[in-house]
Ligand code: SF4
Ligand code: SF4
């Protein structure tokens with residue numbers, strides 16, 4: 001059997017055709033094509049479980065690319081059906097799916113992402129082959145578009161977490177292309193006086209899993225769990241919603257209590273800095289839109305944090321709209337991903353500034369934003385300098 005195991009093994013629960021997942025699928029909502037929705041994927045997976053010879057069919061090859069991996073359907077399903085998991089299994093089992101491409105891209109982030117993004121930014125539009133234009137834009141977007149101006153200065157740090165040992169999971173984007181995010185996260189943790197433990201975390205593995213590389217995803221998960229164990233199982237602070245969701249999916253623990261401890265240790269950074277007292281610069285944007293990532297944590301800690309600091313300035317939040325990043329799908333069916341993205345911009349496009357808490361959303365929205373809109377991760381708003389024009393508006 002090809003890598004990834006048999007298709008359909010992931011479907012441990014029975015779909016009762018209630019249709020709840022259809023209401024939340026951004027791909028279905030944007031295209032109005034039910035064959036692209038989660039229920040169609042569930043049914044296809046059941047057919048493949050009975051007859052794997054169907055795998056080589058052209059339709060199946062195409063369908064393997066058609067899922068954003070947003071997990072909205074999985075969250076909505078009260079019967080535990082995991083449609084994106086089935087699509088990942090299909091990608092892993094399909095003989096023609098380009099797993100090598102994704103594996104190379106995701107396991108060599110350190111050497112490929114920064115240089116790839118720089119080169120993509122340098123190619124003038126008139127020399128970009130039409131078919132590659134979208135991908136180059138995406139690649140360039142990894143390093144961000146115009147980004148956000150620092151406009152939040154710290155007035156006072158609480159002593160709540162002084163000397164608390166923590167690990168910081170930065171993720172591939174912050175480690176390799178958006179190092180400013182990492183610097184701001186460290187600045188905040190330093191101010192809080194925590195004991196930041198050294199780490200050697202690898203990628204969270206969610207991209208590998210989605211791309212049908214389950215063994216590679218398991219390898220990085222085992223590595224990351226071992227880092228956490230060796231550090232004494234402390235809190236793991238995370239500032240990317242997709243990384244947090246990927247880390248939450250880990251399953252390879254010694255026992256159930258250890259798994260529960262891991263789940264409890266995963267903490268959104270925004271939730272931890274809720275008591276930090278910020279000053280807003282006089283020239284901060286008067287209105288901002290918030291893009292809620294599909295993978296946001298249960299409390300949507302990024303939104304809660306921003307709302308507390310920015311109050312009425314945070315005017316619009318996209319909720320049902322997905323950014324359309326879609327990883328594998330962004331490359332396989334860019335025209336469909338664009339339809340999803342344009343729904344997001346219909347909601348947020350009037351805002352001069354859009355802020356989010358997910359590296360994938362920041363890249364996708366940064367690459368597709370209307371010209372006058374600035375997009376970035378909220379960490380870009382943190383002023384790490386001591387001076388700056390500030391007022392006490394909150
Ligand atoms: S996958 Fe779940 S939510 Fe969707 S139709 Fe089936 S049972 Fe309902
Ligand atoms: S993961 Fe997202 S895009 Fe894929 S089927 Fe589910 S809701 Fe639709």
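The values are calculated or read from the model by the stated rules, or taken from the named source; none is laboratory data. The structure presented is a predicted model; accordingly, all values stated were derived computationally and were not measured. Here the Cβ positions follow ideal geometry from the backbone for every residue, glycine too, while neighbour counts run over all protein chains shown.
On the basis of being at pLDDT below 95 and touching a helix residue (DSSP H, G or I) at 6+ places or on another chain (Cβ under 7 Å), does residue 214 make the cut? Judged against the criteria, residue 214 is a match.
Scanning the range 308-324 for any residue that is away from ligand 2 (no atom under 16 Å from the Cβ) and surrounded by 24 or more Cβ atoms within 10 Å (Cβ to Cβ) turns up at least one such residue. Taking (1) touching a strand residue (DSSP E or B) at 6+ places or on another chain (Cβ under 9 Å); (2) surrounded by fewer than 21 Cβ atoms within 10 Å (Cβ to Cβ); (3) outside any helix (DSSP H, G or I) in turn, residue 167 satisfies each apart from (2). Within the range 300-323, the set of residues being in a strand (DSSP E or B) and touching a helix residue (DSSP H, G or I) at 6+ places or on another chain (Cβ under 9 Å) comprises 314, 316, 317, 318. In the condition set (1) in a helix (DSSP H, G or I); (2) modelled with pLDDT of 80 or more; (3) within 14 Å of ligand 1 (Cβ to nearest atom), residue 29 is compliant with all but (3). Between 269, 288, 247, the distinction of being touching a residue at least 12 places away in the same chain (Cβ under 8 Å) and more than 20 Å from the chain's Cα centre (by Cα) belongs to 288 only.
Confirm whether residue 234 is within 18 Å of the chain's Cα centre (by Cα) and modelled with pLDDT of 95 or more. For residue 234, the condition - within 18 Å of the chain's Cα centre (by Cα) and modelled with pLDDT of 95 or more - is not met. Here is the figure for the range 328-358: residues that are part of a helix (DSSP H, G or I) and touching a strand residue (DSSP E or B) at 6+ places or on another chain (Cβ under 7 Å) total 3.
Does residue 38 satisfy being within 16 Å of ligand 2 (Cβ to nearest atom), within 24 Å of residue 251 (Cα to Cα), modelled with pLDDT of 90 or more and not assigned by TED's automatic domain parsing to the domain that holds residue 323?
yes
Look at residue 251 and say whether it is outside any strand (DSSP E or B) and over 29 Å from residue 367 (Cβ atoms). When the stated conditions are applied, residue 251 passes them. Has the range 90-106 got any residue that is within 16 Å of ligand 2 (Cβ to nearest atom), out of contact with any helix residue (DSSP H, G or I) (no Cβ under 7 Å at 6 or more places or on another chain), at pLDDT 75 or above and not assigned by TED's automatic domain parsing to the domain that holds residue 292? No, the conditions are met nowhere in the range 90-106.
Cβ-Cβ distances below 6 Å connect the following pairs, each with a first residue in the range 325-344 that is modelled with pLDDT of 90 or more, a second residue that is assigned to a helix (DSSP H, G or I) and more than 13 Å from ligand 2 (Cβ to nearest atom), and a separation of six or more residues or different chains: 341/368. Looking only at residues in the range 88-107 that are in contact (Cβ under 8 Å) with a residue 60 or more places away in the chain and within 18 Å of the chain's Cα centre (by Cα), which one is nearest to ligand 1 (Cβ to nearest atom)? Among those residues, the one meeting the criterion is 88.
Among the residues making up the range 197-218, a single one is over 20 Å from the mean Cα position of the chain (by Cα) and assigned to a helix (DSSP H, G or I): 215. Quick check: anything in the range 271-281 part of a helix (DSSP H, G or I) and either surrounded by 14 or more Cβ atoms within 10 Å (Cβ to Cβ) or at pLDDT below 95 (or both)? Checked against the condition, which is being part of a helix (DSSP H, G or I) and either surrounded by 14 or more Cβ atoms within 10 Å (Cβ to Cβ) or at pLDDT below 95 (or both), the range 271-281 yields at least one hit.
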